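*Asks:* One structure follows; several queries about it will come next.
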Amino acid sequence: MESLSSFFERRSKARFPLRLGVRYRSLSGNPLLVGEGKTLNMSSCGLLIAPDADAQLSTGARLQLTVDWPLRLHGTTPLQLIVSCRVTRSLPEEFAVRLEQYLFRTRKR
């Protein structure tokens with residue numbers, strides 16, 4: 001028998017509680033917004049982010065995120081997850097995004 005929490009869960013992908021550094025910038029709009037924060041949780045389709053300062057992001061806004069990835073390439077080279085996404089929900093203390101494209105890049109040590 002299915003539990004009530006899974007019955008009412010609307011997300012199609014499991015979310016994982018990861019606290020990673022993230023920087024974001026808007027890809028449209030005037031003025032362009034730039035900020036930093038931490039991820040609260042992640043899935044293969046989206047992220048929930050707590051910005052360091054109140055985020056004035058509107059639903060539907062396009063963003064580019066740079067997430068500090070916790071694993072290193074070959075155990076030595078730092079990685080970043082670069083994400084193109086859209087804001088699906090925005091509150092002053094957190095915002096959610098839906099991933100459109102992503103790739104991993106190496107980062108200087």
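Each value in this text was obtained by applying a stated rule to the coordinates, not by laboratory testing. These figures come from a predicted structure and were not determined experimentally. Ideal geometry is used to build each Cβ from the backbone, glycine not excepted, and the neighbour counts take in all protein chains shown.
*Asks:* Non-local amide H neighbours of LEU40 (under 5 Å, H modeled in plane, Pro and chain starts lacking H): which ones?
*Replies:* LEU48, ILE49, ALA50
*Asks:* A follow-up question, please. How would ILE82, ILE49 line up from fewest to most surrounding beta-carbon atoms within 10 angstrom?
*Replies:* Values: ILE82 14, ILE49 28.
Starting with the residue having the fewest Cβ neighbours, the order is ILE82, ILE49.
*Asks:* Suppose each label sits 7 Å from its Cα in the direction of the beta carbon; what would the THR59-GLU100 distance come out to in nanometres?
*Replies:* Calculated label separation equals 1.8 nm.
*Asks:* Let me check I've understood the local charge: for GLY21, count other residues with C-beta under 9 angstrom from its C-beta, Lys and Arg +1, Asp and Glu -1. What total comes out? Present the calculation step by step, with values, prior to reporting the outcome.
*Replies:* Numbers: positive: ARG19, ARG23, LYS38; negative: GLU36, ASP68.
Taking every other residue near GLY21 into account, the sum is +1.
*Asks:* Suppose the chain between PHE16 and SER43 were pulled fully straight at 0.36 nm per residue; how much longer would it get relative to their current alpha carbon spacing?
*Replies:* Numbers: separation 27, 0.36 × 27 = 9.72 nm, distance 0.63 nm.
Stretched out fully, the PHE16 to SER43 stretch lengthens by 9.1 nm.
*Asks:* Now, a different point. From the phi angles alone, apply the Karplus equation (6.51, -1.76, 1.60; θ = phi - 60°) to the stretch 48-62 and give each ³J(HN,Hα) in whole Hz, x where the residue is Gly or Pro.
*Replies:* 10, 10, 9, x, 5, 10, 3, 8, 9, 9, 9, 4, x, 4, 8
*Asks:* For the stretch 12-106, would you read off the P(r) tail past 23 Å as a percentage of all alpha carbon pairs? Don't skip to the end; give the middle numbers.
*Replies:* Values: 835 of 4465 pairs.
Looking at the stretch 12-106, the distances longer than 23 Å represent 19 percent of pairs.
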